[in-house]
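Shown next, in structure tokens, is the structure this report addresses.
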Amino acid sequence: MYKTKLCQYLLITIIFVISLATTSCTNKKPTLKSVTPQPTARSGKIPDNNYTELDAGNSPLSPLSADFNNDGYNDIAVISHGDSQLKIFWGGPNRTFRPGPVYKKDQVGYHPGKINIVDWNNDGLPDILLACEGIYTIQYWQNMGNGFIKAASFSVPINALSIKTADLDNDGCLDIVLGPHSGNKIVILWGKKTRFSFDVQTINANQMAHNVEIDDWNHDGKRDIFWVEVVNGSAVVALNQGNRKFSKRYLKKPGKPIGLAKDAPEFIKIADLDSDGCKDAAVTLEVGKACLIFYGDCKGHVIKKERIQAPSWGFSGLAAIGRGKRHPPMLALGEEMKIFIAKRLQGSWQLEQKPAGSLPRDFSFIDIDHDGNVDLLISNTAGETIGILYGPY
């Protein structure tokens, strides 16, 4: 499914480039500050002793890391979308991993999507919530210490691909937000006191509303919902008004489509990227060949925009993290067979190329080896591996 989507995007890119070559409109004024990365290698993987890969199966998605078995080492959970499997890798000393349990299609279901790690039953062990887009369910995989059991499932009205959790109404119960694989609805599952039971609410969106995120955009103490809309090229925040009501606002307004999409925004991530205490939003444009950054003012408004230009194919993946003790604000931007680590230093973005596999997409910053430096966990979606790029960068 993801390989088919990649082919569609490549065709759209060719059409887009041809349309640019034939247009006579050359007098448009730029509205964004633009940064162009200077790659350190022309193509393919570049040598890096701090990069390693693990075999993860067909079309790996959503690799996440936590200490599942409480042995002091971070483990990894990943979805093999094409094989319809949930896989666990047990972590060990000296950055080593060994294969753990593999939960197959008869347990997981057809075409599982993404996962979220959360201690759902408050027993001190991180559990897994799984969105299975192929069978319209979400699943609760309870951590037993040495593996997982599917303890519950819940039918949902969309083919859910992305999944995030937070207490959106501050009632003490975790809620779940789902984004579709191909539809036009965002779904909120409002948690109840009873076990894995929910009230269902939908928010209207545009087609291919992808990759939901949750954060407090306007700093009012209520968590808001973010997503991108691939077909019309927009990025959206739904501001939490309380009482289970939301007000939608565009961070990136819709554009006129060319083919499938004008610029195909694929991911949105939220972090304080200029260290001013306010949340900012980064959006990757896979066909538009850029990452757009929308700097917030802590009141729900965008006060500045910035553009990081992609050198070749367009950015296929994204991670974002604010300033830490050992690192400045950073982005991870994926292109074919490479990652760009972008650091915000002295008010500008400086990019360094790092290795990756084929079609790197789902990223997360986390200190996997507990050395005090953040690492990057990567799904090489077309390469059938997950990558770990150890910091510091």
Report summary line: Once both label points are put 7 Å beyond Cα along the C-beta direction, the residue 119-residue 58 separation in nm becomes 3.8 nm
Query raised in the report: So, with +1 on the Cβ of K and R and -1 on the Cβ of D and E, and no other charges, what is the size of the charge dipole of the range 252-327 about its Cα centre, to the nearest 20 debye?
Result: 60 debye
Query - Among 206, 184, 122, residue whose mean-square fluctuation peaks in a GNM of the chain (springs only between Cα atoms under 10 Å) - result: 122
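Excluding residue 318 itself, what net charge comes from residues whose Cβ is under 11 Å from its Cβ, given Lys and Arg +1 and Asp and Glu -1? Walk me through the numbers on the way to the answer.
Working: positive: 269, 361; negative: 213, 266, 286, 362.
Around residue 318, the charge tally is -2.
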Report task. Return the distance in nm (one decimal) between the two label points of a simple spin-label model at residue 275 and residue 312, each offset 7 Å from Cα along Cα→Cβ. Result -> 3.2 nm
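Set the Förster radius R0 to 22 Å, insert the Cβ-Cβ distance between residue 96 and residue 146 as r into 1/(1 + (r/R0)^6), and round the FRET efficiency to 0.05.
On the way: r = 18 Å, r/R0 = 0.83.
After rounding to 0.05, the efficiency reads 0.75.
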Report summary line: Here the net charge surrounding residue 239, from other residues whose Cβ is less than 15 Å away from its Cβ (Lys, Arg +1; Asp, Glu -1), is +1
Report task. Would you mind checking which residues have amide H under 5 Å from residue 81's amide H? H placed 1.01 Å from N; only 5 or more apart, or other chain. Result -> 61
Report summary line: Expressed per residue, the solvent accessible area of the range 83-124 in Å² (1.4 Å probe) is about 50 Å²
**Report entry** Extension reserve of the residue 241-residue 185 stretch, reckoned as 0.36 nm per residue once the Cα distance is removed
**Finding:** 18.3 nm
Query raised in the report: Short version: ³J(HN,Hα) in whole Hz for each residue of the range 69-86, in order, from phi by Karplus 6.51 cos²θ - 1.76 cosθ + 1.60 (θ = phi - 60°), x for Gly and Pro, what are they?
Result: 9, 6, 9, x, 10, 6, 9, 10, 10, 8, 8, 9, 4, x, 8, 6, 9, 10
Query - Selected from 119, 263, 175 as most flexible by GNM, with the chain as the system and alpha-carbon contacts under 10 Å - result: 119
**Report entry** Selection from 273, 211, 182, by position along the positive dipole direction of the range 170-298 (Cβ)
**Finding:** 182
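Give the calculated FRET efficiency between residue 358 and residue 110 to the nearest 0.05, with a Förster radius of 30 Å applied to their Cβ-Cβ distance.
After rounding, the FRET efficiency stands at 0.80.
Which residues make up the longest stretch of the chain that has no trypsin sites (Lys or Arg not before Pro) in a DSSP loop with at most 10 other Cβ atoms within 10 Å? Don't skip to the answer; put the middle values down first.
Working: sites that count: 28, 42, 193, 195, 325.
Result for the longest clean stretch: 43-192.
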Query raised in the report: So, with +1 on the Cβ of K and R and -1 on the Cβ of D and E, and no other charges, what is the size of the charge dipole of the chain about its Cα centre, to the nearest 20 debye?
Result: 1400 debye
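For residue 248 and residue 346, compute 0.36 nm times the residue count separating them, minus their Cα-Cα distance, and round to one decimal in nm. Each step should come with its number before you reach the end.
On the way: separation 98, 0.36 × 98 = 35.28 nm, distance 3.35 nm.
Taking 0.36 nm per residue and subtracting the Cα distance, the gain is 31.9 nm.
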Report summary line: Between the residues 392, 360, 317, the Cα farthest towards the positive end of the dipole of the range 312-393, that dipole coming from +1 and -1 charges on the beta-carbon of Lys, Arg, Asp and Glu, is from 392
Report summary line: With a 1.4 angstrom probe the carbon and sulfur portion of accessible area for the chain, in percent, totals 50 percent
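How much length, in nm to one decimal, is gained on full extension between residue 167 and residue 305, taken as 0.36 nm per residue of separation minus their Cα-Cα distance?
Gain in length upon complete extension: 46.7 nm.
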Query raised in the report: Out of [x] 24.9; [y] 17.0; [z] 18.4, which label holds the value of mean projected area of the Cα convex hull in nm² that was computed here?
Result: [z]
Query raised in the report: Most mobile of 189, 345, 333 per a Gaussian network model of the chain (Cα springs, under 10 Å)?
Result: 345
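The values are calculated or read from the model by the stated rules, or taken from the named source; none is laboratory data. No experiment lies behind these values; they were computed from the predicted model shown. Using ideal geometry, Cβ is built from the backbone for each residue, glycine included, and neighbour counts are taken over all protein chains shown. We work out accessible area using only protein heavy atoms, side chains counted, and drop any ligands, DNA or RNA first. Shrake-Rupley method; radii C 1.70, N 1.55, O 1.52, S 1.80 Å.
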